[in-house]
Every structure is written in C-alpha cells, then in structure tokens.
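Enquirer: I'd like to ask you about the structure that follows.
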Amino acid sequence: MTKITLKPKRQFSVPIEASVITPENFAAKTMEQIKLLEVWDGNRPTTLGSLFDVSSEPDGGDEMTIFIEGDVSKLRRIGKGMRSGSMTINGPAGMHLGEAMKGGTITVNGDAGSWLGARMRGGTIEVSGDAGDYVGSAYRGSREGMKGGQIFIHGNAGNELGCWMKKGFIRIGKNVSQLAGIHMTDGTILVEGDSEARIGAQMKGGRIVVLGKVANVLPSFSIEEIRNVVRAGEERLPGPFYVFAGDLTEGGEGRLYALKEKNPHLQFCEAYIE
Amino acid sequence: MNDELIIRNGIVVDPANDIDREVMDIAIRGGKIVRKASPSAKIIDASGMLVMPGGVDIHSHIAGSKTNAARVMRPEDHVRDFERKTALTRSGVGHSIPSTFTTGYRYARMGYTTVIEPATPPMKTRHTHEELNDIPIIDKACFPLFGNNWHVMEYLEKGDVDGCAAYIAWMLRSTKGYAIKIVNPGGVEAWHWGGNIRGLDWEVPNFGITPREIIRGLCKVNKILKLPHTIHVHPNNLGKPGNYLNTIKTMDCVKDLAEEGRAAIHITHCQFTSFKGEDWSTLRSGAEEIANYVNKVKHVTIDMGQIIFTATTTMTADGPFEYILHQLQGRKWHNTDVEAETGAGIVPVVYKRKNFVNTTQWAIGLELALLVKDPWRIYMTTDHPNAGPFTAYPRVISWLMSKKARENTMKRLNQGAVKKSNLPSLDREYSFAEMATVTRAATARALGLKDKGHLGIGADADVSIYGVNPKEVDPSNDYRAVRKAMRRAAYTIKEGEIVVRDGEIVKVIEGKTFWADARVPDDMEMKLQSELSEKFQDYYTIQAENYVIAEDYLARSAPIIPGGTR
Amino acid sequence: MKILSDELVIKNVVCPFCGCCCDDLEITVSKNSIVSAKNACALSQAKFGSQKEERISTPRERIDGKPLETNYEKAIRHSARILAEARYPLLWGWSCTSCEAQKIGVELAEEVGGVIDNTTSTCHGPGLLAVHDIGESSCTLGEVRHRADLIIYWGCNPVHAHPRHMRRYSVQSEGRFRKGRKERKMIVVDVRNTATAKMADEFIQIEPNSDYEALTAIRMCLKGEELEQEKIAGLPSTRFEQLMDELINCDYGVIFFGLGLTMSRGKSRNIDAALSLVRDLNSKTKFLIMPMRGHFNVAGANEVFAWQTGYPFAIDFSQGYPQYNPGDTSGVDIAARGDCDAALVIASDPISNFPLDAAKNLSSIPIMTIDPHETVTTSVSEVVMPSTMVGIEDEGTVYRMDGVPLMLKKLIEPPEGVLPDTEILSAILKEVRALNRGR
C-alpha cells in the first residue's frame, strides 16, 4: 500500500481542525485529492495541502500508513473515527487524537493533548511521552466513554483518565493525576507509576491496578483481601496487592488493586479485612 | 412593495370552511387572505400540491426556564445535530431540545406557523418571552401555570371565585400569558415538601384544598374571564399504571360547569394518563375507556402525546413525576421548584421498540386518535419533547393516515405488547381533511385564534403547501410519500411572506406573541390590588413591580381581548 | 417614585452587583448623581458610590504602540477590522452586562467565527460540568425562605461576598413556614473559620482540598456503609455519621456552595459529589442545592448562551456552528495555550484575573475592551471603548443566581458621550458584516 507523509509547512498558532486525517480518507485518493481535503485553520476553511507538505511512497504493507513529522500540537481530532491502517506522529500531537476510533493504530513519538482516544471503540493508541486530561473519556454529559480498544501511554497522564469508561484497556507507564477511572463502569486501567488522589472515584465496575503509590483511597472503598497476583490486560502482575471494592456510594462493584509494597500508608486497611 | 400573492391551482384542504381537496386559488394581500388579488400579484404555481393552513401546534415545550435547564444539562443531546450559520439563518443545535433559532426554522420548514409553549412558571415568564422573542418566523403564546399557585389555592379554598378571577386576569396581563395551565394540581406544592397528590380529593398539605376544587375553581374563572382557550390540564398521577381512572374523573369533575358548544377542559398529552394495569409488567392501554368517555360527552378535548422511538428528553412542571422517573431509570435528574407557584423536572429518556412499556405507550397514543370520533376534539402532539421531538410529526401523520404504516412499525415492536393492544384491530385511517383538522383547524379553534387554522377571507395568510397530490396519492398505501412531503414544505407562507421554499428558509421574519388581555370590573381590580400589596412581599422574593412584564418586552405583542374571540 | 425638592427616589431598583440581585433598593438621585442607596449592602454601596471613579471618558486606539484618544466610529472600525481578520478571536467577559448585550455578543461571535465565553469558566464552570453528568435538585430562593429548616453554606462566605443573602433568602429570613433564625439550623463547612462560619450553629472545618472526601464520606453513611478510615478530611470519621443524621432529619435542607468547592482540587468532581449527595438525600427528605453566583448576570450569560446556541459558556463558532468543550473551548484555556489571535473583552479584567501564562499570551495579541472603568486590561488594550454602567446608566435584563429574571433600571444619565455596550456591540457587528460581505 502507500505511506503518506505530512510535514507542517509552518508553525501553527490557531487551532487546526484536522479530522480528515485518517487512513480511510486517504486511501483510494490521489495525491492531489489528498491535498485538497478540507481542514480548518481557525475559522478559515482551507486545504490540507496549504498547511502541509504531502508526499507519498509505496509501502510493502497491505494497509494505508500515514506519518506526520513535526509539531502538530495545535491539530485537533487527527484520526477521528478511523477504522484501519496506521498513523505515526513524530512530534507533539494535539487534543482529541483518535476520537471515536474504531480500529487501526496511532503511534505518537512525543506528547499528546487532552481527550486522547475519547469515545474510543477499538484499535490501539500508543504515546511515547505524556498525555493530557480526559484520556479515553466520554463527551460532556454523555455516559458513553471508551467502549473498546487499547491506549498505552509511556509517560504521565492527567486528570480524569477513563472518565465513564465502559470497556477497553488503558495503560500508563508513569504517573496519573487525580480522579482516574471516575464513573467507570467496566474496562481495565493499569497505572505503572503513582496515582494522585481519588483514583476510582464513583466507579460502578471495572478494574484499576496501580503498581506505584496511590495518594489516597477514597472513604467509599472497602478492603476485600490481599491478593498475590493480579491480571491486567495480557499480563499477570506479581503482588501482593491490596484489593479494594468500590465505589460504594454508587453501589459499585469495581476493584482497585494497589501494590502493597508501594503503599505502606494503606496498611491501616488490613485491620478491616474480614 | 407588492405584498400580494396568489397561490394558484392548489388542492386546498380547509376543514374549517368545509373545503376538502378542491382545486382553487388563494389570494393574499397585506398578510391576510383576501377574495381577489390584483394582476401584479406574485404567483405561486401550486398545481398538484396540497395547500393547507399553516400548522398550529397547541402544546410544545420550546421556551423558558425548564427548556433551557434541559439544554444546559444535556450538551450530549445537541452535539451531533447542528445547523451551520448561513447568509440568512443563525446557527444552532437540534434533536430533542433545539436552540431557539433552530426551533423556529424547523417548525417553519414543516409548514408550521403557530406554536404554543404550554407551561411557563409565572415568576420566570420573562425568561420564556426572551426565548420566544428569539424563535424566528412562527407566532407563539405561552400558558402560565396556576394549579399549584398559593394565591389561587387560597382564593378557591375560601370559595372566592371572583377574587381568583381578578387575580388570574392580573397574572395573564402581567406575565403576557394566554391561558390557564394546570399541572398535577396540588401535587407540585406537595412535592415542595417531597410528597405528591394521588387523587382528586386528596388535600394539599397546608392549603386545605383538593385538586378537584382547584380544577373546578379555575374552570369557573375561565368562564368568568371568557378566556380564548379552555383550562389546559395535565392531571394528577401522570405516568402511573392505572391512572386512566383518575383521568376520567378529572374530565368528569367539570362536566356540570360546561357551557353549550364549548369545551370545559382540555386534557393534554393524554397518552401519559391513559394507563391501565397495576404496575409496569401489567401495563395496558386505557385508551378505549378514555375515548368512550370523550365520545359520550361534549365538554372535553384532548391531545395525543404520541410516543416516538428515539432518545429524547422529558420535561414538565410535574416535579414529583420526574423524580419517580429518575428513580426508575437512574438517568440524570434536574429539578427546580419555583416559590409559591410551581416547579419543573427534567429527565432524559429513551423509548425503545422492543420495550413492553414503550410499545404499549406508543399504541395508546394512536388508539386515542383512532377511537375518538370527532377530529375537532383530539389534536396531534408529541408533547415535544416528552414523547418525542416535534420533527417527528410527519411520522405521526403517516401512522394516523395509514394502517399499513402502523403495521410496518408494529412488526419491529415488542410483540407481547402488540398482542395485548387494540391497535392492530383498528382499521380507521385519517383522511387529509381529518389530518388537517387535528394539526391546524381544530387546534386554532380550540385556542380561540379565529384568524388561524383556516383559509377563509380575513384569515391570517399562514399557508403551507406540500409536494403531495391529495387527489392522486392514496395515503393509506403511499404513506411514505405523504411523510416525505410533510417533512419539507414546498412553500411555507407566513403573514403573506414566503419564508420557506422546498424545505429551505428563504426569508426570516419575526412572529407575534399572543397573550390574553383579561380584565375584570374596576371594583374587583381594586380589591385585588389591595390584597396583592399585602401578600406579595410575603410570598415572593421579588417586588410586585418587578414581577410584571411590560408589553414592549415582547418583540411583537399581539393581545387578544377575551370574550370576542369565537 | 417620590420627588423631594430636586431629589428623586427610585424604588424597587435591582442591584447590579452580585448574584443576589436584590430588587428592593431605593436609590435617591439628584443632579444626575446617586445620593444614597437604601437597602443596599456594603458591596452595592461601593458600586453606586464609585460610579464616577476611574471612568474612561473617550475611546482610545493604540497607533504605533501609543494610546491615542479617538472617537467611537474609528474605534469601532478598528475593532471590527481586527475581529473580521482574526482566525480565532476570543470574545470574553459578559457576566457584568445585560442579556441584551450578551445576545449581540453571541451574534458577533458567530459572525466572526470566534469563541464566546463568560466568566463561568473561571468560577462556577465546574458546577455546570457536574450538572451535565448528574443534573441538579434546586429551587428559587423564595422556597428556601419559606421552607428550609437546615441551611448549609459549603465553601462560600456570604457575609463577605453576598451580604444580604442570609437575611433576604436564608437563615435570617422569614418565610411562610419558618418564622426566622430560631426555626432554622445553619451549618458552615469550610477550610477556615470565616465570618460566616462564626455565625453558624455548627462549623465543620475540613482540611484544604478534601471536600470530595468529605462529601463521599457523608454519601457512604447515607448508604448505610461503614467507613474504614479513622480520619477523613481531617475529621474523625464518626463526625460524618453525625452530620448525615442531621441532614436526613431535617424537613427541608439546602446546600449553598461557592468557589471553595468549585476551585479547590477536584473542581467539577467536588460539585459532582455534592449534586450526587443532594440527589441521594431526596430519597430520605427534601434537599436542594444552589451555586452562589458571583456576578450579577453571569447566570444570565449562561441562560442567553444556552438558548441561542445550546451551550452555557465556552462556545466555539469557528466552523460555523456552536461547539462546546470546556477545557478546550474555554477562554482561560484558549489564552493559556496561546490559541487566540485577537480578543474582545467586555466588562471583565482577564489580564488581572487569568493565570499568569494566559494573561501573558493575551497581552501579546490585540485586545479590544469595552468597559466603563479603567482596568489592567484596558491599559494594555489596542482599542478601548468606554461603556455605560448597566443597572445605573442603562437598563437591561439580568438573571439572579436561581434563574429568576429581573429588569435593571436606568437611574441616571451616563457621562457625556458614553454609549451603552449594546450600541457599541451592534455597531461592531454591523461593521464586521460589511467587511465580511466585501471579502
């Protein structure tokens, strides 16, 4: 198939609406057609070709691949709704990357903005650096969060990761800020580093595993047991882990697993194990 | 400027004037229907097209505090349905709680020219008017809520109907309202303490009055004031299985007060209060019993409240009902109680085809329409957006006019509910004349808007022209053609101006806001003012002077003098 | 209206200061000045009293880096040109103007394809975000006055910020069913012992940034669940069981909340927890919640924006239709990221109020300000257009913190030659339209 490379022609200052950048939109189009795809430069509709140098080369693989080289932190909604193919962004990526994605792969060698993989349905997103707030979340007012797919962030993530999550897998290599898993109903979140306060807030179901320190466990979680091994995604993680059930204010049957060794301040909970 | 228009050769359906699919010309001048126009009139060639008076929607929640609270609560409702700004039109959002500009455009595109906001809390009616001012093209009016109002309950408890009449007249003038709206009488006051009222003869806590007395009292007031529309009632127990009995009792409780040839009560969105059964699993339709009663008497009118299978939003002054709905379904819940007057609740809802209860509800609305014999006493509504968005009206029309349309829909529904329903055995199909009646002619007449809902000389030049030939198309079989045509008017004419062409807005004008300029004799008025100046401070947290809405607040004020309207 | 010598007393005046919108003020006016304001609180007195201070008398433009006096016509044309050419303009402020001005603002934002946002973004925005998820059990202020026997002020200090709130609407008011202070219980939850806390029957001091935990603990007790932590939010966990008992044993409870809840860590989720608690409490007793809106018409800005666009703040028109996502389309975040290339500021002082990086970015783009008074923002603006003070020199519609609409009155004439913001905005809109047609 083809590999298309996009290079920004200049530094972008105002937000660029770039939801046309998906493998489906590029497949079966000529270079000229791709360059004419509509993007918004702030409030001015313009063409992809006026903002990017677009080049292509044949590629041995059987899927469309897109490479974006440079700072696209002002670009919104790259990969929106994509179903197949792959995209690699070598540079910081903007907000709403991979929104409502259904399949395919997005790789970011750099940081990603907020709302990464919001409303995701399938596919894979991988970020080498950090991500912002609301990773894998729902739209305002909606309870339809991430419903499938996988998100891997090698660095840190911001607040409210996995907000209203329904299914799927999110893995954070480093630390996560407040309120990860808020209102989640199912799915799995794995935090390899530390978590700030209020992890699992108001969760009704699903699993959150933290291999580092959790700043606190909410009063709405109850200690269930100590477990030696916990599964997350494909892996079996060695513990022992404190296993909390919650969020009980929502009648929740979610599970929060905190690595015992990294959480000595949670030792008090052992007195409550029945 | 040439304000003359001739609609030539259209196939006119004008039930108020006994015109049923006659080919004739309609002449317009100065915003009115006239006998003849001059040769220089602009001509619309309506050959082969259905010509009707513009639609008159008697009950649709389009403006005011609870509508806006719903917009704020539900950004997810708007996000996928939006309209871009054009050279002529403002941008906006749609689906179940459209923004104001979009509301006006969407009604106009369907050939509707008058819409009533049926429930406004008097204290916040300034807000309702601000929104109505921002709804383009259509004419409108709003109904202030009185069924839980402290002044009203106190007057009626004392038996002072005249005092109550003076108060209602002042309230209609002060809020620029059109009619007396009653929602869950007494129940919303009880809800302000967390309770509810479940029967016509329950006493409202702290007020010593019953819903029966409230409804009867306001019915008497309506007669005294000769208001253009009858009392518009959302009974107690809405949404509760078994409530059809209470609905019949409610209709019956003012039978003795009825005047010859006039309705004494209108039961709105009757589907929601026509439930038989003890609980949700035994829910059945009470439509037959309701229809039998309506057919037997002359003093009752109803509107459907037809269910549409979609995600929509319930919003009503019936606060306790909304709390119960929230508890049943677990969706988010908004509530605003308004001091000394009324309240509101909002809960999103999804009506699903395979759901037993929703299918039963869907059947009830249609059964009511097919079993009530007189199309002048039943109106087509979806209680927008409670049972469905107003943009679904063409679909409801197709169900009314075609048994096949109903059957095709029924195939996809909950079969257990379908089997228990009367609907499959009902063969009646609405004619074009009946359809025009329940969407225009009857509603205009019920509202006392004598220049609306018909195309006689002197009527307002509000005309809708649809791309369907009512003499050639058989709506029973070809209901899809009717539905498609009704979605996008070929022409919508408002006050003699062409505002829609082929379903697109071609001109934006400002509609009028009707209100009832109700008055009582000077001595009653003076008595009222002295009573109000004593009580107002105690009841409200705003001054009486600031409660009153000046006429110039309305973009185009159109007062109706009660008593002279029929 | 009473006339006493050359004085005029105007009654039933709506105060244009805070979200209480008290409408019982009696303003005495003489020789086009405000002489006295009866029933006005200290904040209101200060606003009426400083009506003539720091007024901008004529429009200004920055030409070659120097501020020069100009006229409205030139200032409006200059502003319109900048806005029409901008690719992502921000129209910010709006909470201290009338609904009539706000409507023109929406139309202007749509015309220029920009973002319109009001100060909700920096104060009660988190509350609205939580309402999107949970809804809200609320009422008008008179309901509190008539029925409430338990009133909780959480994270707010009405003694300082809403001085007449307690006497007009809550603990010290007299209603049909509650005759006064003795028939009501007042609880204050805060991180400091404020002036309001000192008036409470019960003051609950929680640790800073622990409101979410405190609310969660109460919700747990309400659900009948046992708390497994001895200390929560800096208090012994048994305290929450006691508090929950008080809450369910009242007949009618109300929580008023302020920036202590919306702006401390957790932000919208603090309100989420509070809204959820109040919702849960309704299964036991009648309970309501209300935000203590700061500015006198920020609620109005939410209402106007919502009915015209579907969304209450942070509306992005750049693609020709309303889009909404606070954090993305909110003014303070747009400024922080340096996304906007021009700004129209009305009745607000973002250079003072915004976080440092946002203020810095704003200072580096052309700003057009419409304001009666000199502010830090006007001192760095490219165009400054003085406006009248609505509620004193101009009438207009406003919405009280509980959504009740009121009309502000015009009491005196504005300073010579100063125009109302509605006129200025309409003129800018007209000019922008002409420029856009030309393009």
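Enquirer: Please go through segment A:221-274 and pick out each residue that is among the aliphatic types (A, V, I, L, M) and more than 17 Å from A:Gly181 (Cα to Cα).
Expert: A:Ile223, A:Ile226, A:Val229, A:Val230, A:Leu237, A:Leu259, A:Leu266, A:Ala271, A:Ile273
Conditions tested, residue by residue: (1) in contact (Cβ under 8 Å) with a residue 24 or more places away in the chain; (2) in contact with a His (Cβ under 9 Å, 6 or more places away or on another chain); (3) within 21 Å of B:Glu189 (Cα to Cα); (4) assigned to a loop (DSSP other than H, G, I, E, B).
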residue	(1), (2), (3), (4)
B:Val233	yes, yes, yes, no
B:Asn236	yes, no, yes, yes
B:Met251	yes, yes, no, no
B:Asp256	no, no, no, no
B:Ala263	yes, yes, no, yes
B:Gln271	yes, no, no, no
B:Tyr293	yes, no, no, no
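Enquirer: Taking segment B:533-566, which residues are touching a residue at least 60 places away in the same chain (Cβ under 8 Å), hydroxyl-bearing (Ser, Thr, Tyr) and in a helix (DSSP H, G or I)?
Expert: B:Tyr539, B:Tyr547, B:Tyr553, listed by residue number.
Enquirer: Residues in segment B:408-433 that are within 18 Å of B:Leu283 (Cα to Cα), part of a loop (DSSP other than H, G, I, E, B) and among the charged types (D, E, K, R): how many?
Expert: So the answer is 1.
Enquirer: Looking at segment B:1-113, what helices (runs of 4 or more DSSP H) fall wholly within it and have at least 1 residues that are more than 25 Å from the chain's Cα centre (by Cα)?
Expert: B:75-78
Enquirer: Follow-up question, since we're still on this one. Name every residue in segment C:413-434 that is part of a loop (DSSP other than H, G, I, E, B) and surrounded by fewer than 22 Cβ atoms within 10 Å (Cβ to Cβ), in order of residue number.
Expert: If the condition is that a residue be part of a loop (DSSP other than H, G, I, E, B) and surrounded by fewer than 22 Cβ atoms within 10 Å (Cβ to Cβ), then C:Glu413, C:Pro414, C:Pro415, C:Glu416, C:Gly417 are the ones that fit.
Enquirer: Applying the selection to segment C:341-373, what residues are within 23 Å of C:Pro415 (Cβ to Cβ), assigned to a strand (DSSP E or B) and not β-branched (Val, Ile, Thr)?
Expert: C:Leu344, C:Met368, C:Asp371, C:His373
Enquirer: Give the residues of segment A:240-257 that are out of contact with any strand residue (DSSP E or B) (no Cβ under 9 Å at 6 or more places or on another chain) and either buried (at least 22 other Cβ atoms within 10 Å of the Cβ) or among the basic types (Lys, Arg) (or both), sorted by residue number.
Expert: Listed by number, the list holds a single entry, A:Thr249.
Enquirer: Exactly one of (1) outside any loop (DSSP other than H, G, I, E, B); (2) within 12 Å of chain B (Cβ to nearest Cβ); (3) over 17 Å from the mean Cα position of the chain (by Cα) is unmet by C:Gly300. Its number?
Expert: (3)
Enquirer: Of the residues A:Glu196, A:Glu250, A:Glu192, A:Glu225, only one is within 25 Å of A:Gly110 (Cα to Cα), within 14 Å of chain C (Cβ to nearest Cβ) and among the charged types (D, E, K, R); which?
Expert: Checking each option against the conditions leaves just A:Glu196.
Enquirer: Is it fair to say C:Leu68 is more than 29 Å from the chain's Cα centre (by Cα), more than 14 Å from every other protein chain (Cβ to nearest Cβ) and at pLDDT 95 or above?
Expert: yes
Enquirer: While we're looking at this one, here's another question. Can you name the number of the only condition in (1) away from chain B (no Cβ under 14 Å); (2) among the β-branched types (Val, Ile, Thr); (3) more than 30 Å from B:Lys66 (Cα to Cα) that C:Val390 fails?
Expert: (3)
Enquirer: Return the pairs, sorted by first residue and then second, in which the second residue is at pLDDT below 95 and among the small types (Gly, Ala, Ser), the first residue lies in segment C:330-347 and is assigned by TED's automatic domain parsing to the domain that holds C:Val106, the beta carbons are less than 6 Å apart, and the residues are 6+ apart or on different chains.
Expert: Close Cβ pairs satisfying both conditions: C:Ser330/C:Ser121; C:Gly331/C:Ser121; C:Val332/C:Ser121.
Enquirer: Now for a different question. Is there a residue in segment A:65-86 that is more than 26 Å from the chain's Cα centre (by Cα), outside any strand (DSSP E or B) and either buried (at least 18 other Cβ atoms within 10 Å of the Cβ) or within 13 Å of chain C (Cβ to nearest Cβ) (or both)?
Expert: Within segment A:65-86, not a single residue is more than 26 Å from the chain's Cα centre (by Cα), outside any strand (DSSP E or B) and either buried (at least 18 other Cβ atoms within 10 Å of the Cβ) or within 13 Å of chain C (Cβ to nearest Cβ) (or both).
Enquirer: Being away from chain A (no Cβ under 12 Å) and hydroxyl-bearing (Ser, Thr, Tyr) is the filter; apply it to segment C:317-363 and report the residue that is farthest from C:Met263 (Cα to Cα).
Expert: Among residues in segment C:317-363 that are away from chain A (no Cβ under 12 Å) and hydroxyl-bearing (Ser, Thr, Tyr), the one farthest from C:Met263 (Cα to Cα) is C:Ser363.
Enquirer: Quick check on segment C:236-259. Is at least one of its residues more than 12 Å from C:Gly155 (Cβ to Cβ), within 14 Å of chain B (Cβ to nearest Cβ) and either free of Cβ contacts under 8 Å to residues at least 24 places away in the same chain or acidic (Asp, Glu) (or both)? Spell out how you get there, then give the answer.
Expert: Start the filter on segment C:236-259 by keeping residues that are more than 12 Å from C:Gly155 (Cβ to Cβ), which leaves C:236-254.
Cutting the leftovers down to within 14 Å of chain B (Cβ to nearest Cβ) gives us C:247-254.
Pick out the ones that are also either free of Cβ contacts under 8 Å to residues at least 24 places away in the same chain or acidic (Asp, Glu) (or both) and you get C:251.
Yes, because at least one residue in segment C:236-259 is more than 12 Å from C:Gly155 (Cβ to Cβ), within 14 Å of chain B (Cβ to nearest Cβ) and either free of Cβ contacts under 8 Å to residues at least 24 places away in the same chain or acidic (Asp, Glu) (or both).
Enquirer: Which of the residues that make up segment B:176-207 are within 14 Å of chain C (Cβ to nearest Cβ) and surrounded by fewer than 24 Cβ atoms within 10 Å (Cβ to Cβ)?
Expert: Selection gives B:Ala190, B:Trp193, B:Gly194, B:Gly195, B:Asn196, B:Val204, B:Pro205, B:Asn206, B:Phe207.
Enquirer: Quick one: in segment A:32-63, of everything that is in a loop (DSSP other than H, G, I, E, B) and modelled with pLDDT of 95 or more, which residue is surrounded by the fewest Cβ atoms within 10 Å (Cβ to Cβ)? Don't jump to the end; show me each part of the working.
Expert: Here is the first cut: in segment A:32-63, the residues in a loop (DSSP other than H, G, I, E, B) are A:36-37, A:42-43, A:59-63.
If we keep only those that are modelled with pLDDT of 95 or more as well, we get A:36-37, A:42-43.
Details: A:Leu36: 13, A:Leu37: 16, A:Gly42: 24, A:Asn43: 21.
Residue satisfying both the conditions and the ranking: A:Leu36.
The values are calculated or read from the model by the stated rules, or taken from the named source; none is laboratory data. Source: prediction; values computed, not measured. For neighbour counting, all protein chains shown are included, and Cβ atoms are generated from backbone atoms with ideal geometry for every residue, glycine included.
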